[in-house]
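Some notes on the structure that comes next.
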Amino acid sequence: MPDNPRHLDELIQQCAQGREAALEELYRLSAPHLFAFAARILRQGDLAEEVLQESFLSIWRNASRFSAERSQAMTWMTHIVRNRCIDLLRRPGYERPDPDGAILEAWADEAAGPLDLLRDRQDSRRLADCMAQLESKQRMAIVLSFFDDLSHREIASRLSSPLGTIKSWVRRGMERLKRCLS
Amino acid sequence: MKTYADPLLRARLAADYVSGAMRGGARRRFEGLMAADASLRHQVREWENDLYLLVWTIPPRTPPSRVWRAISKQIHQKVPVRIRNWSWGLGGIYLWRSCSAVLAAALLAIVVIQPMRENRSAQPQQVAVLQSSQGQALLIIRADASGTMYVNTLESLTKMADGHALELWSMPPGGKPISLGLVATNGLTRLTIPQSASNMKKLGISLEPPGGSPSGLPTGPVVMTGDVLLS
């Protein structure tokens, strides 16, 4: 993944002009990340494929609505993927396998791995620095809430703390993050 | 609606929504609020721009090549993507279901008044409330900037449909109606706006045979209509 967010912006703009080669390159660069993200949320590979396919059709058809001034390319695409995942989770009868603990493991300790990945990229360096300033339990509560879309009760049992406490970790963590980011 | 004027509460709700801490019915109610509130959408978008970068921390995973093949094939066919109605079940959207015509009218008022006070740079959203010929509000529709349309029933339309499909149309003044897809008789339907219908002024629902109009134009009676407003 080249560390140049502008490049993704340009590709989306070219998609808006109907250039299929631009969509292909956009897919090549971003699909592995978006696919991993969808599979993380849904915990089912085949459904993640469905989401990825629909999301890229949506990206292709709505490329002209993308505004580089307003959103970053990856944020815009992630938004499309995440909302489709959340819709799927709401399907009646949808059964979601239990989380595998990968997020908990990756972000444990001082979260060196994930934060280094963020620092390596120009667009996410600031987020990495601000995440690093959070208390580890706040950081953990936020990423579990974000990736595993857990109910607070689930998070509570996994972090062995009461529900009310976890809620305040997520909220205080987000407030501190906001102060740091703005 | 007064409660939601509190800036601290608004900031917290936006953060909860993006962090994933807000779930289920609360999430859907918040999406309803966002539909009529550009500054709330702006706050959410700012959070998304910051927090969604977390996606880079997940180890990438190459999707099977069949996914790209399917995408490429669908693009070449140049046919509209199959519209799917994801029914969201019975729970959760009680805000909309219990929403009276009065509240729908209040929502309309907010939609009309809001743009005067809002950040002009915020992404426009389109909102419509569809009413029966007797003036009863039956559907609330919003379309976001990604071209997705969310159709919420305000009450069950099963009886009205009476075995027919409810087909949603963009009805350009003096032009031919453009089908936007089929709408579930109960709950929420999510549709993708076709490119051909990007400029929507007026929407309507007609009763059609199961599966939708065979001719591509309304064949049954139009049972509700509404104007599209920018919020």
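The slack in the chain from A:ARG19 to A:GLU175, taken as 0.36 nm per residue of separation less the alpha-carbon distance, amounts to 52.0 nm. From the square roots a ≥ b ≥ c of the eigenvalues of the alpha-carbon gyration tensor of the stretch A:80-170, which class results: rounded (a/c under 1.5), prolate (a/b over b/c), or oblate? It is oblate, given that a/c is not under 1.5 and a/b is not larger than b/c.
Heavy atoms only, 1.4 Å probe, whole protein assembly: order B:VAL222, B:VAL67 by accessible area, highest first.
Values: B:VAL222 70, B:VAL67 5 Å².
Solvent-accessible surface, decreasing: B:VAL222, B:VAL67.
Modelled label positions at A:GLU105 and B:SER39, each set 7 Å beyond Cα in the direction of Cβ, lie 4.6 nm from each other.
Placing pseudo-labels 7 Å out from each Cα toward the beta carbon at A:THR165 and A:ALA112 gives an inter-label distance of 2.7 nm.
Taking every protein chain into account, the 1.4 Å probe leaves B:LYS73 with about 130 Å² of accessible area, to the nearest ten. Could you sort out which of A:LYS167/B:LYS159; A:LYS167/B:LYS202; B:LYS73/B:LYS176 sit more than 32 Å apart by Cα distance in this structure? Listed pairs above 32 Å: A:LYS167/B:LYS159; A:LYS167/B:LYS202. Within 10 Å of the Cβ of each residue in B:17-25, the mean number of Cβ atoms contributed by other protein chains is 6.
Modelled this way, with points 7 Å down the Cα-to-C-beta line, the labels at A:GLN122 and B:THR62 are 2.7 nm from one another. If you take the square roots of the eigenvalues of the alpha-carbon gyration tensor of the stretch A:44-89 and sort them as a ≥ b ≥ c, do you get rounded (a/c under 1.5), prolate (a/b over b/c) or oblate? Verdict is prolate for the stretch A:44-89. Normalised per residue, the accessible area of the stretch A:81-182 is 47 Å², obtained with a 1.4 Å probe and no contribution from ligands, DNA or RNA.
Treating only the Cβ atoms of Lys and Arg (+1) and Asp and Glu (-1) as charged, compute the dipole magnitude of chain A about its Cα centre; round to the nearest 20 debye.
Details: 27 positive and 27 negative charges, 178 e Å.
Its charge dipole is roughly 860 debye.
Taking all protein chains as they are arranged and a probe of 1.4 Å, the heavy atoms of B:HIS76 leave approximately 120 Å² accessible to solvent. Residue ranking by accessible heavy-atom surface, 1.4 Å probe, largest first, among B:ARG45, A:ARG6 comes out as A:ARG6, B:ARG45.
The values are calculated or read from the model by the stated rules, or taken from the named source; none is laboratory data. Values in this document were obtained by computation on a predicted structure and should not be read as measured data. Here the Cβ is made from the backbone with ideal geometry for all residues, glycine too, and neighbour counts use every protein chain on show. The protein model used for the area step is the full one, side chains on, heavy atoms only, and it has no ligands, DNA or RNA in it. Shrake-Rupley method; radii C 1.70, N 1.55, O 1.52, S 1.80 Å.
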